[in-house]
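The values are calculated or read from the model by the stated rules, or taken from the named source; none is laboratory data. Only a predicted model underlies this, so the values are computations on that prediction, with no experimental measurement involved. Note that each Cβ is placed from the backbone with ideal geometry, even for glycine, and that neighbours are counted across all protein chains shown. Only protein heavy atoms, including side chains, enter the accessible area calculation; ligands, DNA and RNA are left aside. Shrake-Rupley method; radii C 1.70, N 1.55, O 1.52, S 1.80 Å.
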Amino acid sequence: MTALSVSLGRRTLARPGLLFGAGFLLLLTLLALAAPWLAPHDPNEQDLLNVLLPPLWATGGSLDYPLGTDALGQCVLSRLLYGARVVVIIMAIAPLGAALIGCLLALLGGYFGGWLDWLVERFVDLWLSFPAVLLALILMVALSPGVQNVILAIVFVDWARFCRVLRAEVLLLRRRSYVAASRIGGAGALGIIWRDILPGLLPTLIVLMAMEFSIAVVAESVLSFAGMSAAPQVPTWGGMIADGMGSLYSSPYPLLLPVFCMILTVLAATFLGQGLREAVDVRLLERAGAA
Amino acid sequence: MNLSSLAFSPVAEQFLAEPEWLLEADGLSVVGGPAEAPSAVLSDLSFRLAAGRTLGLVGESGAGKSMIGRVLARQLPAGFRVGGGQLRFAGEDLLSLPAERHRQSLGSRIAFIPQEPMGALNPVLTIGRQLIEHLQRLGTPAAACRERAIELLEQVCLPRPATLLGHYPFELSGGMCQRVMIAMAFAGRPQLVVSDEATTALDVSSQAHIVRLLRELQEQYATAVLFVTHDMGLATHACDDVLVLYAGQIMESGPAKSLFRRTLHPYTRALREAIPALEGPLLPLRALAGQMPGVESFAQIKGCRFAGRCEQATQVCHDGVAPLESVGPQHQVRCWNLAAASERQAQPEATAHEPGRAMSAQQSLVAKGLSKTWPGRRQGFRRAPGVAALKPLDLSIAPGEFIGIVGESGSGKSTLARLIMGLERQSTGVISLNGEMLGDSRDDWTRRIASIQMIFQDATAALNPRWRIGRLLTQSMLSQPRLHSERQARAAELAADVGLAASTLKRYPSQLSGGQRQRVNIGRSLCDTPQILVADEIVSGLDVSVQAQVMNLLLELRRQHKISLLLISHDLGVVRYLCSRVLVLHQGELVEQGETERVLAHPQHPYTRALIAAVPSLDPDAQWPPAAFPQMDVTP
C-alpha cells in the first residue's frame with residue numbers, strides 16, 4: 001500500500017529534514033525552559049579573574065566554564081541558555097501574530113474585494129515602503145526595551161509580507177470551481193473561508209511562518225545587537241555577538257558560539273517549514289500507480 | 001550473378017530490406033516499475049511508417065499512445081525505460097544513436113506538435129521572437145529569419161503574418177496558436193512529425209482546418225506523420241493506417257478506412273459502439289464496463305489485457321496473449337475468439353434509443369431576455385464599451401427535459417450556465433423558477449440552490465483536493481446542521497447512485513481516475529435531489545467508454561428522479577444522444593433552436609451547418625474535412 005492509507009503522522013515521520021528541524025527546536029525549547037537548572041552560573045555573574053577563557057576542548061579550557069567566558073568573565077554557556085529563552089519566546093509568538101494580522105486582512109480584502117480590498121492593498125503598499133529594520137528600530141525607540149515590545153515590533157513590521165502573499169493566494173482560490181461548488185451547496189461566506197479557502201492557504205502559510213521564524217530570530221538579534229531589544233540585564237544572542245566583537249582577535253569564541261547557535265536555529269526552522277508543507281499538502285498525494 | 005547470391009551482399013540487403021520505411025518499430029517495449037517485477041507499458045510494438053503517410057495511434061488514456069512519441073524524443077517519464085526491441089528512423093537505430101546526434105535530429109528531422117498550444121508557447125515572448133529563435137537553431141542565417149518566419153506563417157494560412165510576429169500568444173486563439181506550432185514543426189522540413197492529440201483542445205471547426213492544413217503540408221514535403229488521437233472519427237479520416245492500442249498492446253491494426261469499415265476486435269468494436277453517432281438511427285450506447293487496468297497491474301495480467309472487460313472472453317483469453325493475426329490486406333487483429341467476434345457483428349441492435357423529452361407540459365424554469373455584458377476596460381475616467389458575452393435570449397425547461405446548448409468556445413455557453421445557476425448576475429432579463437421570480441434575496445438563493453444544481457466542467461478543479469469523497473458528496477448538507485447525522489448514510493446512497501465503490505468514500509480526489517471524479521461531481525449535485533441540473537462540458541474530458549457510462553447514468557437518473565438537464569457541450573453526438581431540444585449559440589447570440597433531430601438533419605443557419613460539417617463522421621466513406629468549408633477561426 002502506498003500513500004493511500006498513510007496517515008499524517010506517518011507522512012511526517014518519513015521526512016528526515018522535518019524530524020531534524022522539529023527535534024532541534026524542541027530541544028532548544030526544553031533547554032530554554034530548563035535554563036535555571038542547567039546553567040552552571042548566573043548569566044550576569046562576572047568572574048573578572050577568568051576573562052576570555054576558551055571552551056573546554058581548547059587548551060586552557062576548564063570544566064568550570066564549559067564554553068569559556070567572555071570579556072567580563074561571564075559564563076558563555078549560561079548566557080547562551082538564557083539567551084535561548086528570548087529566542088524561543090519570540091519565535092513562538094511573533095510569527096503567529098504577524099500571520100494572524102496578515103491572514104485576516106488578506107482574507108477580508110481578497111475574498112470580499114471591492115473598496116475593502118483597495119484599502120488593504122494601499123495600506124500594505126504604504127507599510128512595505130518603509131525599510132523594515134529602520135521601522136523596527138524606530139518602534140523600539142518609541143516603545144521601551146523589553147521582550148514583549150520586540151515581539152510587537154516584529155509583528156508590526158512583518159504582517160504586510162503575509163498579507164501581500166496570502167491575498168494573491170486568496171484571489172486565486174476564490175475563483176476555483178470548488179468554491180463555486182460550495183456556494184451552490186449552500187455555504188455562506190464564513191463557511192467557504194473556513195472550509196475551502198483557509199485549508200488552501202495552509203501550505204503557503206506554513207512556508208511563510210517558517211520563513212518568519214528565521215526572520216524573527218535574526219530580527220531580534222539585529223535589535224539586540226543595536227542594544228534595543230530586551231532589558232539590558234537580559235542576555236540575548238545578538239547582545240552576546242555585540243559584546244564578542246570587542247575581543248574578536250584575542251578570543252573568537254564569545255562571538256562564534258552565538259552565531260553558530262543562530263545558524264542552527266534558522267536552519268532547523270527552514271527544514272521544519274519545508275517538511276511541514278510537504279506533509280500537510282494532500283495535493284502531493286499521488287494516485288497510486290497513476291499511468 | 002543470380003538473385004540469391006545478391007541477397008548476401010550487404011548492399012543488396014539494404015535494398016531488399018525495403019528502405020522506403022521511414023520509421024520502423026520492431027518488438028518495441030517500454031517497461032516501468034521495480035527492476036525485479038517490471039510491467040510493460042508498451043509491449044511488443046511493431047509498425048512501419050513510410051514517408052508521406054499518416055499512422056494513427058488510437059486508444060483511451062492510459063493505453064500508451066503518447067509513449068511512442070516520448071521514446072522518439074527520449075523523454076520517457078521517470079522510472080520508465082525501453083525494455084527491448086528496435087526503433088529505426090531512416091535506417092538508423094534511433095535507440096542507440098549518440099545523445100548529441102539524437103538531439104540534432106529532433107526539431108530538424110523529427111518535429112512535435114503538442115496538445116496544448118497555449119502551454120507550449122512562452123507567454124512572455126512574442127510569436128516572432130519564438131519563431132526566429134527556433135529558425136536560428138535550425139541554422140537559418142540571422143538576416144533571413146524574419147522573412148522566413150513570415151513565409152512560414154503564410155504557409156499555415158494565418159492572416160497578416162508580419163503584424164502577427166509582434167503579438168503575444170495570449171492575444172491569439174487556440175486554433176491560431178496551434179497553427180504557429182505547426183509552422184514551427186514544419187520549419188525544418190522534418191521527415192517525421194509527431195502530433196500528440198494536437199487538435200483535442202480545439203473547437204471542431206478549428207480541428208477540421210488544422211487537419212486539412214497538416215495534410216497539405218504533408219503532401220507538399222512528403223512528411224510522415226504519427227497521429228496520436230483518442231477520437232475514432234478523426235482517426236478514420238485523418239490517418240492512412242491505424243494502430244488501436246489497449247493497455248500498451250496493439251489490439252488491431254490496418255488501413256484506417258477498411259479497419260473502421262469492418263472492426264473485428266471486441267475492444268475496437270466496443271469503442272465504436274460507445275460513440276454517439278451524428279447520423280443514422282439513434283441506438284442505445286453500449287458502455288464498456290469497468291476501466292482500463294493501471295500500469296501497476298499489467299505485470300499480473302497473464303493473458304489478453306482486455307479480457308477483464310471483454311464480453312466474449314473465455315478461459316483461453318486469461319491464459320495467454322493472442323498473436324496478431326492477419327485477417328485481410330494488412331489488417332491484423334490480436335484476439336483468440338475471432339470467429340465468435342465476427343458472428344456478433346451480424347446481430348441487429350434491438351431497441352431504439354430515446355433522448356430526454358419533457359415529462360410534463362409545465363415549465364419548471366423560464367428565463368426571459370437573459371443577457372450578460374461585461375464592463376469594458378477603464379480608460380482614464382471613461383470606460384470602453386462593454387463586451388456582450390451573451391445577447392438576450394429566452395429559455396424554458398420542463399421537468400425531465402434534456403436541453404443541449406452547443407457552440408464553439410467563446411459563444412457564451414458557459415456564461416449562460418453560470419447565469420442560470422446564479423454564479424453571475426445577469427445584465428438584463430429575469431429568471432423564474434416554478435412560476436416564482438428569482439431575485440437577489442437570501443430566500444431566493446436558498447430556493448435556487450435547492451432546485452438547481454451545477455455539474456462543473458473540470459471535475460478535478462471542482463473538487464476540493466483536501467476533502468475526502470464522502471464529505472464532498474454531501475457537501476450541501478454541511479450548512480444544515482440538523483442533517484449532519486445522516487451524512488454518512490446519504491454519502492453511501494449517492495455513491496451507489498452514481499456507481500462508485502463504497503471504498504472510494506474514504507479517498508481524496510487525487511486518488512481517483514478522471515471518470516470516477518466526474519461521478520463524484522455528478523453525485524454531489526444530486527445530494528439535495530434538485531429539479532434541474534446544469535452541466536458544463538461534463539463528458540468532454542472523458543474517454544469514450546467512460547463518457548458512455550456517464551451519459552447512460554444521466555438518463556438513468558432522469559428515469560428515477562425526473563431531473564431536467566441543461567447540457568453545455570461542443571460534441572454534437574453527445575447532445576443528440578441525450579437531448580431532445582438543442583440551442584445553437586454563436587458569438588453570444590442564439591442562432592438556431594429546435595428539436596435536436598430536426599436541427600441536426602435540416603440545419604437552417606449557415607453556422608449550424610458549418611458546425612455539423614466540421615464533426616468527423618464515423619462513416620469511413622464520408623468525405624471529411626468537407627471540401628467547401630467556411631473559415632471561422634482565423635479572425636483574432
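Looking for something touching a Phe, Trp or Tyr at 6+ places or on another chain (Cβ under 8 Å) and within 24 Å of B:H605 (Cβ to Cβ) - is there at least one such residue anywhere in region B:374-387?
Yes - at least one qualifying residue is present in region B:374-387.
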Subject >> Residue check, A:G191 open to solvent by 10 Å² or more (accessible area, probe 1.4 Å) and within 14 Å of chain B (Cβ to nearest Cβ) >> reply: yes
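Please state which one of A:C103, A:C75 is crowded, with 24+ Cβ neighbours inside 10 Å and of a type in the set (A, V, I, L, M, F, W, C).
A:C75
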Subject >> Residue selected from region B:449-477 under the condition more than 7 Å from every other protein chain (Cβ to nearest Cβ) and in contact (Cβ under 8 Å) with a residue 60 or more places away in the chain, by the criterion nearest to B:L554 (Cα to Cα) >> reply: B:I455
Original post:
Looking at (1) more than 9 Å from chain A (Cβ to nearest Cβ); (2) without any contact (Cβ under 8 Å) to a residue 24 or more places away in the chain; (3) surrounded by fewer than 20 Cβ atoms within 10 Å (Cβ to Cβ), which is the one condition that is false for B:G514?
Top reply: (2)
Original post:
Going through region A:51-68 one residue at a time, which ones are of a type in the set (A, V, I, L, M, F, W, C) and more than 20 Å from A:D243 (Cα to Cα)?
Top reply: A:L56, A:W57, A:A58, A:L63
**OP:** Determine whether region B:550-565 contains at least one residue that is crowded, with 19+ Cβ neighbours inside 10 Å and closer than 22 Å to B:A63 by Cα.
**Re:** yes
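Would you please name the residue that is surrounded by the most Cβ atoms within 10 Å (Cβ to Cβ), looking only at residues in region B:469-488 that are aliphatic (A, V, I, L, M) and at pLDDT 90 or above? Can you show your working first?
Restricting attention to region B:469-488, the residues satisfying the condition of being aliphatic (A, V, I, L, M) are B:469, B:472-473, B:477-478, B:483.
Those left that are additionally at pLDDT 90 or above: B:469, B:472-473.
Numbers: B:I469: 27, B:L472: 25, B:L473: 32.
Residue satisfying both the conditions and the ranking: B:L473.
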**OP:** Could you list, in sequence order, all residues of region A:213-231 that are part of a loop (DSSP other than H, G, I, E, B) and open to solvent by 10 Å² or more (accessible area, probe 1.4 Å)?
**Re:** A:A226, A:G227, A:M228, A:A230, A:A231
Original post:
Given the structure, is A:P203 part of a helix (DSSP H, G or I), open to solvent by less than 30 Å² (accessible area, probe 1.4 Å) and under 30 Å from B:V520 (Cβ atoms)?
Top reply: yes
Original post:
Restricting to region B:149-206, what's the tally of residues that are β-branched (V, I, T), assigned to a loop (DSSP other than H, G, I, E, B) and farther than 24 Å from B:G541 by Cα?
Top reply: 1
Original post:
Looking only at region B:77-126, which residues are over 30 Å from B:F298 (Cα atoms) and assigned to a loop (DSSP other than H, G, I, E, B)?
Top reply: B:A90, B:G91, B:P98, B:R109, B:L121, B:N122, B:P123, B:V124, B:L125, B:T126
Subject >> Residue list for region B:495-507, filter: open to solvent by less than 10 Å² (accessible area, probe 1.4 Å) and within 13 Å of chain A (Cβ to nearest Cβ) >> reply: B:T504
Subject >> Selection status of B:Q480, farther than 23 Å from B:G369 by Cα, in contact with an Asp or Glu (Cβ under 7 Å, 6 or more places away or on another chain) and not charged (D, E, K, R) >> reply: no
Original post:
Of all residues in region B:520-531, which are open to solvent by 30 Å² or more (accessible area, probe 1.4 Å) and more than 11 Å from chain A (Cβ to nearest Cβ)?
Top reply: B:T529, B:Q531
Original post:
Out of A:D281, A:D243, which single residue is within 14 Å of another protein chain (Cβ to nearest Cβ) and either loosely packed, with under 15 Cβ neighbours inside 10 Å or at pLDDT below 90 (or both)?
Top reply: A:D281
**OP:** Could you check how many residues of region B:432-448 are part of a helix (DSSP H, G or I) and in contact (Cβ under 8 Å) with a residue 24 or more places away in the chain?
**Re:** 1
Original post:
Can you list the helices (runs of 4 or more DSSP H) found entirely within region B:290-399 that contain at least 1 residues being loosely packed, with under 12 Cβ neighbours inside 10 Å?
Top reply: B:315-319, B:338-344
**OP:** Among what's in region B:76-120 and is over 26 Å from B:Y221 (Cβ atoms) and among the small types (G, A, S), pick the residue that is most open to solvent (accessible area, probe 1.4 Å).
**Re:** B:A78
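What helices (runs of 4 or more DSSP H) lie completely within region A:119-187 and have 3 or more residues being within 14 Å of chain B (Cβ to nearest Cβ)?
In region A:119-187, A:147-174, A:177-184 are the helices (runs of 4 or more DSSP H) which contain 3 or more residues that are within 14 Å of chain B (Cβ to nearest Cβ).
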**OP:** Residues that are within 19 Å of B:L416 (Cα to Cα) and free of Cβ contacts under 8 Å to residues at least 24 places away in the same chain: find the strands (runs of 3 or more DSSP E) completely inside region B:562-627 holding 2 or more of those.
**Re:** B:589-595
Original post:
In region B:119-156, which residues are under 23 Å from B:K65 (Cβ atoms) and without any contact (Cβ under 8 Å) to a residue 60 or more places away in the chain?
Top reply: B:G119
